[in-house]
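Visitor: Dropping a structure here in structure tokens format, bear with me for questions.
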Ligand code: HEM
Ligand code: HEM
């Protein structure tokens with residue numbers, strides 16, 4: 001019997017790609033496409049050419065440059081929401097339950113890893129629900145203030161992913177190189193129980 005069904009492996013890798021891409025959009029928003037940095041560049045460079053522009057005008061331009069990139073945050077966000085539903089459906093399959101049976105018999109380390117997965121699933125579900133709430137706040141009848149508070153929480157929870165993702169990737173690589181040989185290729189070829 002296969003350890004990971006094709007269904008589960010497809011879910012894992014599409015999910016990994018979408019989470020990494022979402023983190024990529026946040027990275028761009030906070031660095032190369034930051035409206036704060038870019039509006040300063042716009043003011044400086046235009047002033048050098050003798051064109052007067054206010055900070056407010058430069059901010060509008062910088063945000064317009066960022067907008068097409070940020071659309072991807074929303075598109076990938078819909079993808080993530082679909083993946084959350086797909087993961088819930090996977091709970092009814094053997095691969096989807098595999099890591100969460102007989103937790104009591106596991107070593108302390110494995111217990112911590114698996115509890116970590118459950119926590120991160122909670123965070124990801126929260127990101128999907130809160131992200132949709134911010135995006136559709138008007139339709140949902142929420143005030144701008146409420147949407148702003150939800151955004152603060154959404155941004156705070158993002159830190160959990162920032163910690164989990166590198167820890168997870170380093171963790172499976174170390175496991176593969178030590179006492180769990182083949183753990184990564186199992187997630188590629190399905191492995192054997
Ligand atoms: C790109 C490099 C990645 C590699 C090589 C990798 C590899 C693996 C492997 C080998 C497992 C099985 C571990 C086990 O048996 O306990 C696993 C599980 C898991 N991975 Fe990844 N992963 C990667 C990226 C990601 C990313 C970006 C996420 C996003 C949050 C993620 C989320 C998960 C989750 C939640 C599980 C637990 C699956 C379950 O419910 O049983 N992985 N990963
Ligand atoms: C892993 C999943 C996600 C991560 C890591 C993430 C991260 C973030 C972060 C850090 C911000 C704040 C950006 C800033 O103000 O500097 C943000 C804002 C936002 N996110 Fe997400 N997000 C995720 C999923 C989603 C989903 C599923 C949606 C909905 C489709 C969504 C919609 C939004 C919206 C509408 C904003 C507010 C943007 C604005 O103020 O203009 N996000 N996200």
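Visitor: Is it the case that residue 45 is more than 27 Å from the chain's Cα centre (by Cα), more than 16 Å from ligand 1 (Cβ to nearest atom), more than 22 Å from residue 165 (Cα to Cα) and at pLDDT below 95?
Guide: no
Visitor: Given the structure, is residue 5 over 22 Å from the mean Cα position of the chain (by Cα), at pLDDT 95 or above, surrounded by 14 or more Cβ atoms within 10 Å (Cβ to Cβ) and over 30 Å from residue 100 (Cβ atoms)?
Guide: No, not satisfied.
Visitor: Output the residues belonging to segment 114-136 that are touching a residue at least 40 places away in the same chain (Cβ under 8 Å), closer than 22 Å to residue 7 by Cβ and within 11 Å of ligand 1 (Cβ to nearest atom).
Guide: Quick first cut of segment 114-136, residues touching a residue at least 40 places away in the same chain (Cβ under 8 Å) only: 116, 119-120, 123-125, 127-128, 131-132, 135.
Applying the additional criterion that residues be closer than 22 Å to residue 7 by Cβ yields 120, 124-125, 128.
Once the filter is applied, which keeps residues that are touching a residue at least 40 places away in the same chain (Cβ under 8 Å), closer than 22 Å to residue 7 by Cβ and within 11 Å of ligand 1 (Cβ to nearest atom), segment 114-136 yields 120, 124.
Visitor: If I ask for residues that are within 15 Å of residue 95 (Cα to Cα), assigned to a loop (DSSP other than H, G, I, E, B) and out of contact with any helix residue (DSSP H, G or I) (no Cβ under 7 Å at 6 or more places or on another chain), which ones from segment 163-193 would you list?
Guide: Selection gives 191, 192, 193.
Visitor: Test each condition in (1) more than 9 Å from ligand 1 (Cβ to nearest atom); (2) closer than 21 Å to residue 12 by Cβ; (3) assigned to a helix (DSSP H, G or I) for residue 149 and report the one that comes out false.
Guide: Only one criterion in (1) more than 9 Å from ligand 1 (Cβ to nearest atom); (2) closer than 21 Å to residue 12 by Cβ; (3) assigned to a helix (DSSP H, G or I) is unmet by residue 149, namely (2).
The values are calculated or read from the model by the stated rules, or taken from the named source; none is laboratory data. Note that this is a predicted model, so its numbers are computed, not measured. Backbone-built Cβ (ideal geometry, glycine too); neighbour counts: all protein chains shown.
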